[in-house]
Structure formats: C-alpha cells, structure tokens
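The values are calculated or read from the model by the stated rules, or taken from the named source; none is laboratory data. Please read these numbers as outputs of a predicted model, since none were measured by experiment. We place every Cβ from the backbone using ideal geometry, glycine too, and count neighbours over all the protein chains shown. Just the protein is used for accessible areas: all its heavy atoms, side chains included, with ligands, DNA and RNA removed. Shrake-Rupley method; radii C 1.70, N 1.55, O 1.52, S 1.80 Å.
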Amino acid sequence: MLAPHNLVTNFLLMAMTTNARSVNLIRSLNSSFRFAQTTLVNATILNIPHPPQPQQTTSDQVYDFVDTKRLFSSVNTCKLIRSTVNLSMASMEPVVDLGMWVMSSRLMEVGSVRKMVLGVIKHTVYEHFVAGADTGEVNRTVKKLWESGLRGMLDYGLEHAVDNESCDKNAQQVLKTVESTQFLPPSSVSYVVVKITAICPISLLKRVSDLLRWEYKNPSSFPLQWKRKTLPIFAECSAFYHTLQNPSPLTTTEEHDLELAHKRLTTICDKALESNVPVVIDAEDTFIQPGIDYFTYWATVKYNKGTKPLVSGTIQAYMKDAGQRLFLTKKSADKMGLPIGFKLVRGAYMSSERKLAHSLGVESPIHNSINDTHHCFNECASYMLDEVSSGPGGLILATHNLESGKMAARKARDLGIGKDSDKLEFASLYGMADAMSFGLRNAGFGVSKYLPFGPVSEIMPYLLRRAEENKGLLSSSNLDRHLMMKELKRRVNACVLRLVEGESRFKTQASSIVEVKM
C-alpha cells in the first residue's frame, strides 16, 4: 500500500494533464508530507495527552494564548502534528482549488481514480474536518471532546433532498443520531443539527418560500390555507426579489408533501424531547430560507416551553435584515411566552447571493463590507445576551472570530452568564479555531464543536462546500498553526531536556557506583 504522501503525489500527477498549476502544488504537498512523516516518527515518545487544568483568569482576560502547554493540554502530539499539516494544506488556495476541481470533475467517474481520490481525502481533510463515518465513530469523537472539556453538536452530513423517499431516509438518520445521544455522557452533546433541506424536497421549499414572500406583501388578498401558526419570518428590509410574480397555490400533491415534511420534523422533535437533547435548525440561502424559517418557527411555537428552548433557529449576520428579523421574532416570542433560541453565524453564501442579486439588477441582500457584517454579528450577540440574562431563551455563538468571541465572553461574564447557565454556547467547526475553543473553555464558558459525520463518499458535497466557504478564512488566519507549532517546539524541547537530565543522572549514578567499588 502506498504511503499517503505518495498517493497525493500520484493523484496530482494524474491531474497535471488537465491543470498546469499542479507542478508547484506537488512540490508543496511533498514538502508538507515529508515534514509530517519525519515528525510523526519522532513524536511517539511524546504521544501522551494531559487533562486540562482549571485556572483563574482576570476579569478582563478571555484568551490565554501564551501558555500553549495549558491551551493544548488535552491534545496529544500526533494529533497536533496532523492538525498542523492539514491546516497548512488547507490554507493553500491553489491546493484547495485543484482538489475542488478534481472532486467535481469527470475524473471521479473513473472507478480507480475515484477510489484513489477518496482514499487521499479520507486520510487528510476527512479525518481533520469530519468526526466519523457513523454514529459509533462520532460518539467516540464526542467522548474525546468531553474528556477535553468540550461538547459536540451532531450533524449528519445530509445534502439537499429531491423527493419523499430521500426525505424519509434522511429523517431516519436524524432520528438515529438523536437516539445515539442517550448512550453518551449527560450534557456531552449540546445540540443535534437538523437541516430542513434534508427532510423537505427543495422544490417544495422554494414554492413555500415564494408563497410566504407574496403573502407578506399582500396579506389581505393572499391567505395561505395550509399555513400553520408561526413567528415573524420577514422584516420590511428583507429580500423579496426572488418572487417577481404571483405564485400559483400549492397543488394537492404539494400540500400532501408539506404535511409529510411537518410529520418528519414532528417525529424528530418528539424524539429530541424524549432524549433530552435540543435541536438547532441550519440556515441556507435566501432562495429557500423563508420556508426553512417557517418550519423552524412553527416547531418553536409547538415545542418550546419553560425557559430553555428545545428548538433553535439560525440567523446569518451577513444579511442586511438579520438584526431586524431577530428583533421581531424575539419580541413576538416574548408576547407568546415562548423561550426562543438562536444560533448566530456570519453566513456562508456570500458569492451566490451577490451573483443572483446582480443578475436581477437589484441590491445585494449581503452587507456591503465585512466590517458591517462584524458589526451586525456583535450587535445581535449583545442584544441576545441582554435578553437571555434576564429572561428565557438561549444563544449559540458560532464564530471563528477572536474579537467577536472576546466581546461576547466579556459581556457574558459581566451579566453572570457562565458555563452552568445553559444560556450561552460558543461553537466552531470541528478541525478549526481550536485555539479559540480551548481558550474559551479555559475561561469558563460552554464550548461546542460542530461535528459533521458520514461516509466519505456521502459527505463529499459537505467537504466541497466547506472548502469553498472557508478558503479565505483558512488562508488568512494562521493562529492555530502558529500556536500548534509553538507547542510542538515546546514539547520537543521538553523531551530533549528530559533526555539530557536523564543521561546526566545516569552518569552521576554510574560515577557513584564506581567510587563505592573503589
């Protein structure tokens, strides 16, 4: 069997006939894997994880990136090396571009090529960014995270469903995921992730979204007989250009399929309630987001009771209407006496959203600058922290941004929101922003890792989307790599020091024995 670095080299050589950029990439890949191979051989004597130790922090301090020993105390050396190499590879945009091109090309239709490519992926980006192939493997990952002071958000890597058969299959997998949490340590799973696109056909979500948009603009003349009780979905500044003309009503078949989708979500929420694990519903692009929010807020009305929400939705802060929609939905829930939860993210469809708006000659629904997005995220986070500190509800801050995390952590600390309150959970993608996750953990906050899982062949669409979405993030942020390398250097130095001290003690003892004999 070929070594991983030889597989990558052969794979890229095959791709050279169609992509001239491969020459430089091969040199980079071989260099990285030679480093990994050499270092891994020398690392086995350091392959000892250390449990994290609690430490007091000052009221102004959130992250402690100086003490890398404590920061990565729960990560063994081999894991640190693999993470450093994988993140270095993922930060090289030409490598990501080539990998995305190959995985999307007709080369994947050739059996031998597909098998080789999947093998390379499995032992590189898959192992780094994916938590396992099934519930058994992801549960082992959860236990390791739990031992290191982190929790897991379970997300089976399902993509868009096109018919009821695939929706039923996906719903069963989500149910199996929820059930698996019963065999894990209590509280080790913070949420199970649900994608409405996996349990409702995309074409139906588009139809529902069109009808909801048209109803909002024509409330008196366009009643929707099938619509169930929900919370506000739009604000006045929301994007409505997707629906340019009066959509036709749902057909009898479409209404039946909508009922089936409701039943799938009901079954999942019932099982989550029985298993005592909350669910969070992911967001998508504006094309179908109204339909997703309709399902989310219908489930919120049906299931959220008391002070802790069973169902949370997702707000994407790069949308210009994000702040207003969050405010309107929260206030409506307050009037109904419902605890409401939000996962706050920056967003993942910037390119496609802007491209569609431009093609239609309308203003983009995305903020004009990254600073506007940062401001919106921080303002939404601040508002929700104020709200949940004195009332019901919950907030998931899904961010890799250090400043946003620091701002929220400081405010949460001032408001008395800590790890035991269940009001706030920080979250980041598995395999990314580990330094930030461990820093927040050490500062006393609840932190989760978003754990996608599934067979490598089925989760390829997820990996492709993550590669596209995070290219800029991975290439512009080297904090994790820098700190990991710093800790690796410290461990090597510590090991060498121990060996030198051991040799010195041995010489001293040997000398003493000789003197006694003489």
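Please verify whether Glu515 is outside any strand (DSSP E or B), farther than 19 Å from Val280 by Cβ, touching a Gly at 6+ places or on another chain (Cβ under 7 Å) and at pLDDT below 90, treating the condition exactly as stated.
no
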Notebook entry, point to check: Looking at the range 183-213, which of the residues that are surrounded by 19 or more Cβ atoms within 10 Å (Cβ to Cβ) and free of Cβ contacts under 8 Å to residues at least 40 places away in the same chain is farthest from the chain's Cα centre (by Cα)?
Noted result: Leu211
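So in the range 309-354, with the set limited to residues that are small (Gly, Ala, Ser) and in contact with a strand residue (DSSP E or B) (Cβ under 7 Å, 6 or more places away or on another chain), which one is surrounded by the fewest Cβ atoms within 10 Å (Cβ to Cβ)? I'd like the intermediate steps shown before the answer.
Our first condition is that a residue be small (Gly, Ala, Ser); within the range 309-354, this holds for 312-313, 317, 322-323, 332-333, 337, 341, 347-348, 351-352.
Checking the rest, the ones that are also in contact with a strand residue (DSSP E or B) (Cβ under 7 Å, 6 or more places away or on another chain) come to 312-313, 317, 322, 341, 347.
Numbers: Ser312: 25, Gly313: 24, Ala317: 25, Ala322: 26, Gly341: 27, Gly347: 21.
My answer is Gly347.
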Notebook entry, point to check: Mind checking which residues of the range 101-151 are closer than 30 Å to Met436 by Cβ, assigned to a helix (DSSP H, G or I) and open to solvent by 50 Å² or more (accessible area, probe 1.4 Å)?
Noted result: Lys122, His123, Val125, Glu127, Glu137, Arg140, Lys143, Lys144, Trp146, Glu147
Margin query: Consider the range 104-125. How many of its residues are within 18 Å of Ile459 (Cβ to Cβ), free of Cβ contacts under 8 Å to residues at least 12 places away in the same chain and of a type outside the set (Lys, Arg)?
Written below: 1
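So is Lys335 among the charged types (D, E, K, R) and closer than 26 Å to Val301 by Cα or not? Lay out the reasoning, then the answer.
Values: among the charged types (D, E, K, R): yes; closer than 26 Å to Val301 by Cα: yes.
Considered against the rule, which asks whether it is among the charged types (D, E, K, R) and closer than 26 Å to Val301 by Cα, Lys335 comes out as yes.
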Next item on the list: Being surrounded by 23 or more Cβ atoms within 10 Å (Cβ to Cβ) and not small (Gly, Ala, Ser) is the filter; apply it to the range 400-429 and report the residue that is nearest to Val66 (Cα to Cα).
Entry: Phe426
Item checked: Close pairs from the range 65-83: first buried (at least 17 other Cβ atoms within 10 Å of the Cβ), partner of a type in the set (Phe, Trp, Tyr), Cβ under 8 Å, at least 6 apart -> Leu71/Phe65; Leu71/Phe438; Phe72/Phe438; Ser74/Phe438; Leu80/Phe72
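Does Gly306 meet the test of being of a type in the set (Gly, Ala, Ser), outside any helix (DSSP H, G or I), at positive phi and surrounded by fewer than 19 Cβ atoms within 10 Å (Cβ to Cβ)? Working first, answer last.
Values: of a type in the set (Gly, Ala, Ser): yes; outside any helix (DSSP H, G or I): yes; at positive phi: yes; surrounded by fewer than 19 Cβ atoms within 10 Å (Cβ to Cβ): yes.
Taking the combined requirement at face value, the residue satisfies it.
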Next item on the list: Return yes when Glu215 is acidic (Asp, Glu) and touching a helix residue (DSSP H, G or I) at 6+ places or on another chain (Cβ under 8 Å) and no when it is not.
Entry: no
Check: Do you know which residues across the range 259-295 are under 18 Å from Pro392 (Cα atoms) and polar (S, T, N, Q)?
Finding: Asn276
